[in-house]
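Notes for the one structure printed next.
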There are 2 protein chains.
Amino acid sequence: MSRQLHLNAFLMSVGHHEAAWRLPETDPYADLDVEHFKNLARIAERGKLDSVFLADGPALWDQIGRRPSAALEPTVLLTALAGATSRIGLIATASTTYNEPYNLARRFASLDIVSGGRAGWNIVTTANLEAARNFNLDHLPAHKERYERAAEFVDVSLKLWDSWDDDAVLADKENGVWGDDAKIYPPGHEGQFYRVAGALNVPRSAQGHPVLVQAGSSESGRNFAAKYAEAVFTAHQTLSDAQEFYDDLKRRAAEHGRDPDHVKILPGIVPVIASSPSAAREKEEQLNGLIKPEYALPQLAALLGVPVSSLRLDAQLPDDLPEEEAIEGAKSRRTLVVNLGRRENLTVRQIIARLGGGRGHLTFAGTPVQVADQIQNWFDNGAADGFNIMPPVLPSSLTDFVDQVVPILQERGLFRTEYTGRTLREHYGLPRPANRNAGTPVHI
Amino acid sequence: MSRQLHLNAFLMSVGHHEAAWRLPETDPYADLDVEHFKNLARIAERGKLDSVFLADGPALWDQIGRRPSAALEPTVLLTALAGATSRIGLIATASTTYNEPYNLARRFASLDIVSGGRAGWNIVTTANLEAARNFNLDHLPAHKERYERAAEFVDVSLKLWDSWDDDAVLADKENGVWGDDAKIYPPGHEGQFYRVAGALNVPRSAQGHPVLVQAGSSESGRNFAAKYAEAVFTAHQTLSDAQEFYDDLKRRAAEHGRDPDHVKILPGIVPVIASSPSAAREKEEQLNGLIKPEYALPQLAALLGVPVSSLRLDAQLPDDLPEEEAIEGAKSRRTLVVNLGRRENLTVRQIIARLGGGRGHLTFAGTPVQVADQIQNWFDNGAADGFNIMPPVLPSSLTDFVDQVVPILQERGLFRTEYTGRTLREHYGLPRPANRNAGTPVHI
């Protein structure tokens, strides 16, 4: 079989376009309705997609005037989706800055078991002051410290997930011995940020442990991904940028001694699908016309590290923007936005419209064949192992993608027509990891 | 309608009796099987019980030789049960010592919304060194500090759950205003242990917020329950002890200005049910005969605050045990065990057998009518508003209770024959709380 695409459905509220909720077709209360998300997961599973994904952050980001702002906690929501589906992978964002390793590793391990080995963790460091202020802090921890903490957090999580040997449970009723205590491996971790002595109270799952996903594209983010990530979500506006990123990350993974094929790179795409190119463009313009830029302006200013007053809606970006190095937040997203504005000579209002669709991810309006061509082009030309599909309107844009684009990709032999595996690792072509602790002496 | 019983099914692994897993009927892997728990929740719902409950702690407590030791994280597991049921309440233990208020309040709020207002939180301070050592500590935080932290944690959680006015969402598509930002109330909390500035990103649920449950019976525990708890799980061996506790807690609740009827007191009972008294006793003895006391001895020693070497299996408890005041762990449980041993002149081996069934809760072996009589006796005589049913073997003892005892209680007019409400609060006869923040100025 030829090399196969991997497709993830990034489910966000009623759609990635910030004005999706204003369309007549949209249920504006759906982001609190578990049935809405179950429906989305079932549509994605009907399309044989590898996984669904929920982004997250522990704060109310926005003014609630702007758009649907509720966000059910994603390990809870994915557990509900696990019960509504049987094959599709379930990936959630969770922060290494605002969780404890024992609790978070346990929650993902539990989701992984409840779902039969379908869990994935998108590891983020949460670059937002609003979140910091919900966790006893006055300031955002520095970029560097957040990544150091993240690395140790993941190291501890991996130890915790390997607390039990795969054959630790004996269930020997006759002799009254349920498990073999010699096959429990407490981490005994003592690091810079964390001390975690004891074993997890959840054994390994069908896929060993959850798939590790990462989405930061800064220098620290790339190194982190190269060391740990098994799938990478990334944002690029051009083929050449995506190729540069793809080559760079595969090379870094190899430098870490890893098989580059075990790091799946999935750029985001916001597909606006219609029966003709002009109808697709019209759909996109209808959505952009519903954006209220006054809500987006403060967010853009924060991303760029400038006061709101320095941006004017109908002017281009100021010349004297802070460099990426000066930003403690989402570094690579800042650079992407600046480059987008400069490359295409966009006004601030136009930038807001472009970001309103996909927050820096590529918006692509076209026919099903054009969307399939775009996906194949990047896939065939060293820019992607698959795509992170970001439907602008939910459920309709996901339905369009699954019913109209997926069949084309299947006909071209690029995408599965049936699931061949049961776990998320199997969908992504990732091996089940051996237990890193097996055979080591107990040291609690 | 006469005063009604409230019944909670306390679901633990394959049963509360520590040797339940050794019975021929038991699936020894069931504690990792979400279908096992879904089946239990459905049985309990068939019996019209108020709620199911999962205890929890963030550590691998035991040697895994002893008994099934895996514990799926309960907010995850209850979310799975929410999808398998439609009416029954869903209560999980979570620790105020080893969580952050924003994360935990959010997770319970999410479960509450996903389940349509059926969530409850059993608030614990986690009195175990093993847990402390999984969260960067070398020692168990002192009893007093744990309770001070718990009180502030709950205060913050209540503020977070009231972050959104009930009518904050406008969904005004025409004017592009999704919600009214003036109806968001960020806690702006700055306390001794926590600083939490921003609003929760989850609105209020159908029942306002999760029901608060508590189970500590020490002096600090009683005061905490009197102030916050809406349901109380408690352990008593005798009617008079249960009456003393009941009177005391209702009085303390009134002193806090609360309606004592809004604090439901549910002693635990481990019902061993058979068609004759002798068959029930035989069942109990069969289970006790399967206990291996060498596993339980260190745990008993820890509870009593003495070295293992000071306990001898076939002798009574030593005379010179530390007083309750000297214990930093489960104070009231220690006293219950000491009193039980002294009152009935039990050997250590006999105490272990008694604790192996219900860890200090009342084990009652008898016919369905005898179990119903026991329940009614405590209910009619000022000792209980209902019971925390702790089936010794799962699923069979829960099935026995639901199919054989519940109908008797229903015939006597003591227990509902159909659900009349949809939320956990409605089942327990608790009012939906008003938003404590409504009308206050935004102060972030």
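The values are calculated or read from the model by the stated rules, or taken from the named source; none is laboratory data. Quick caveat: nothing in here was measured; it's all calculated off a predicted structure. Every residue, glycine as well, gets a Cβ built from its backbone with ideal geometry; the counts of neighbours run over all protein chains shown.
Just give me the residues in the range B:22-76 being within 7 Å of chain A (Cβ to nearest Cβ) and not in a loop (DSSP other than H, G, I, E, B), in sequence order.
First, the residues of the range B:22-76 that are within 7 Å of chain A (Cβ to nearest Cβ): B:22, B:28-29, B:32, B:34, B:58-60, B:63-73, B:75-76.
Those that are within 7 Å of chain A (Cβ to nearest Cβ) and not in a loop (DSSP other than H, G, I, E, B): B:R22, B:L32, B:V34, B:T75, B:V76.
Exactly one residue out of B:G198, B:G268, B:G216 is buried (at least 21 other Cβ atoms within 10 Å of the Cβ) and at pLDDT below 95, and it is B:G216. Within the range B:329-346, being touching a residue at least 12 places away in the same chain (Cβ under 8 Å) and in a loop (DSSP other than H, G, I, E, B) holds for B:G329, B:A330, B:N345, B:L346.
In the range B:162-171 there is at least one residue matching the filter, namely being over 25 Å from A:F135 (Cα atoms) and facing chain A (nearest Cβ under 8 Å). Candidates are the residues of the range A:356-371 that are hydrophobic (A, V, I, L, M, F, W, C) and surrounded by 23 or more Cβ atoms within 10 Å (Cβ to Cβ); the one that is farthest from A:R3 (Cα to Cα) is A:A365.
Let's see how each residue does on (1) in contact with a strand residue (DSSP E or B) (Cβ under 8 Å, 6 or more places away or on another chain); (2) free of Cβ contacts under 8 Å to residues at least 40 places away in the same chain; (3) surrounded by 21 or more Cβ atoms within 10 Å (Cβ to Cβ); (4) not basic (K, R):
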site: A:R106; (1), (2), (3), (4): no, no, yes, no
site: A:S110; (1), (2), (3), (4): no, no, yes, yes
site: A:G117; (1), (2), (3), (4): yes, no, yes, yes
site: A:V124; (1), (2), (3), (4): yes, no, yes, yes
site: A:A127; (1), (2), (3), (4): no, no, yes, yes
site: A:P141; (1), (2), (3), (4): no, no, no, yes
site: A:A150; (1), (2), (3), (4): yes, no, yes, yes
site: A:K159; (1), (2), (3), (4): yes, no, yes, no
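A count restricted to the range B:123-167 and to residues that are over 27 Å from A:F153 (Cβ atoms), under 21 Å from the mean Cα position of the chain (by Cα) and part of a loop (DSSP other than H, G, I, E, B) stands at 0.
Out of the residues in the range B:402-428 meeting the condition of being in a loop (DSSP other than H, G, I, E, B), of a type in the set (S, T, N, Q) and out of contact with any helix residue (DSSP H, G or I) (no Cβ under 6 Å at 6 or more places or on another chain), tell me which one is surrounded by the most Cβ atoms within 10 Å (Cβ to Cβ). If you could, list the steps in order and put the result at the bottom.
Just the residues of the range B:402-428 that are in a loop (DSSP other than H, G, I, E, B), to begin with: B:412-423.
Cutting the leftovers down to of a type in the set (S, T, N, Q) gives us B:417, B:420, B:423.
From the residues that got through so far, the ones that are out of contact with any helix residue (DSSP H, G or I) (no Cβ under 6 Å at 6 or more places or on another chain) too are B:420, B:423.
Values: B:T420: 12, B:T423: 22.
If we take residues in the range B:402-428 being in a loop (DSSP other than H, G, I, E, B), of a type in the set (S, T, N, Q) and out of contact with any helix residue (DSSP H, G or I) (no Cβ under 6 Å at 6 or more places or on another chain), then B:T423 is surrounded by the most Cβ atoms within 10 Å (Cβ to Cβ).
Total residues in the range A:190-215 satisfying the condition of being more than 7 Å from every other protein chain (Cβ to nearest Cβ), charged (D, E, K, R) and out of contact with any Asp or Glu (no Cβ under 7 Å at 6 or more places or on another chain): the figure is 1.
Candidates in the range B:225-247 are the residues that are of a type in the set (D, E) and under 25 Å from B:L424 (Cα atoms); of these, the one that is surrounded by the fewest Cβ atoms within 10 Å (Cβ to Cβ) is B:D247. How about the range A:156-182: which of its residues are of a type outside the set (S, T, N, Q) and under 18 Å from A:R107 (Cβ atoms)? Result: A:V156, A:L158, A:K159, A:L160, A:W161, A:D162, A:W164. For the range A:97-121, taking the residues that are assigned to a loop (DSSP other than H, G, I, E, B) and of a type outside the set (K, R), the one that is nearest to A:G83 (Cα to Cα) is identified as A:S115.
Only one of the numbered conditions (1) within 21 Å of the chain's Cα centre (by Cα); (2) assigned to a strand (DSSP E or B) is not met by A:L170, and that is (1).
Considering only the range A:37-60, I want to know if a residue exists there that is among the basic types (K, R), in contact with a helix residue (DSSP H, G or I) (Cβ under 6 Å, 6 or more places away or on another chain), surrounded by 20 or more Cβ atoms within 10 Å (Cβ to Cβ) and closer than 26 Å to B:D112 by Cα. No: zero hits. Among the residues of the range A:172-189, those identified as buried (at least 19 other Cβ atoms within 10 Å of the Cβ), over 16 Å from B:L287 (Cα atoms) and within 7 Å of another protein chain (Cβ to nearest Cβ) are A:G179, A:I184.
Checked against (1) touching a Phe, Trp or Tyr at 6+ places or on another chain (Cβ under 9 Å); (2) surrounded by fewer than 23 Cβ atoms within 10 Å (Cβ to Cβ); (3) at negative phi, A:Q376 passes all but condition (1).
Among the residues of the range B:214-260, write down those that are part of a loop (DSSP other than H, G, I, E, B), under 19 Å from the mean Cα position of the chain (by Cα) and not polar (S, T, N, Q).
B:A215, B:G216, B:A229, B:E230, B:A235, B:H236
Summed over the range A:347-391, residues that are in a helix (DSSP H, G or I), among the polar types (S, T, N, Q) and farther than 27 Å from A:E230 by Cα total 2.
Looking at the range B:296-328, which of the residues that are surrounded by fewer than 19 Cβ atoms within 10 Å (Cβ to Cβ) and touching a residue at least 40 places away in the same chain (Cβ under 8 Å) is farthest from A:W178 (Cα to Cα)? Going through the qualifying residues, I end up with B:E324. When B:P68 is tested against (1) under 21 Å from B:G268 (Cα atoms); (2) in contact with an Asp or Glu (Cβ under 7 Å, 6 or more places away or on another chain), only condition (1) is not met.
B:N122 - would you say it is facing chain A (nearest Cβ under 7 Å) and more than 30 Å from A:R67 (Cβ to Cβ)? Even if it seems obvious, please write down each step before you answer.
On the way: facing chain A (nearest Cβ under 7 Å): no; more than 30 Å from A:R67 (Cβ to Cβ): yes.
Spelling it out, it is not the case that B:N122 is facing chain A (nearest Cβ under 7 Å) and more than 30 Å from A:R67 (Cβ to Cβ).
Here B:A274 clears all of (1) within 24 Å of the chain's Cα centre (by Cα); (2) at pLDDT 95 or above; (3) of a type outside the set (D, E); (4) surrounded by fewer than 22 Cβ atoms within 10 Å (Cβ to Cβ) except the condition numbered (1).
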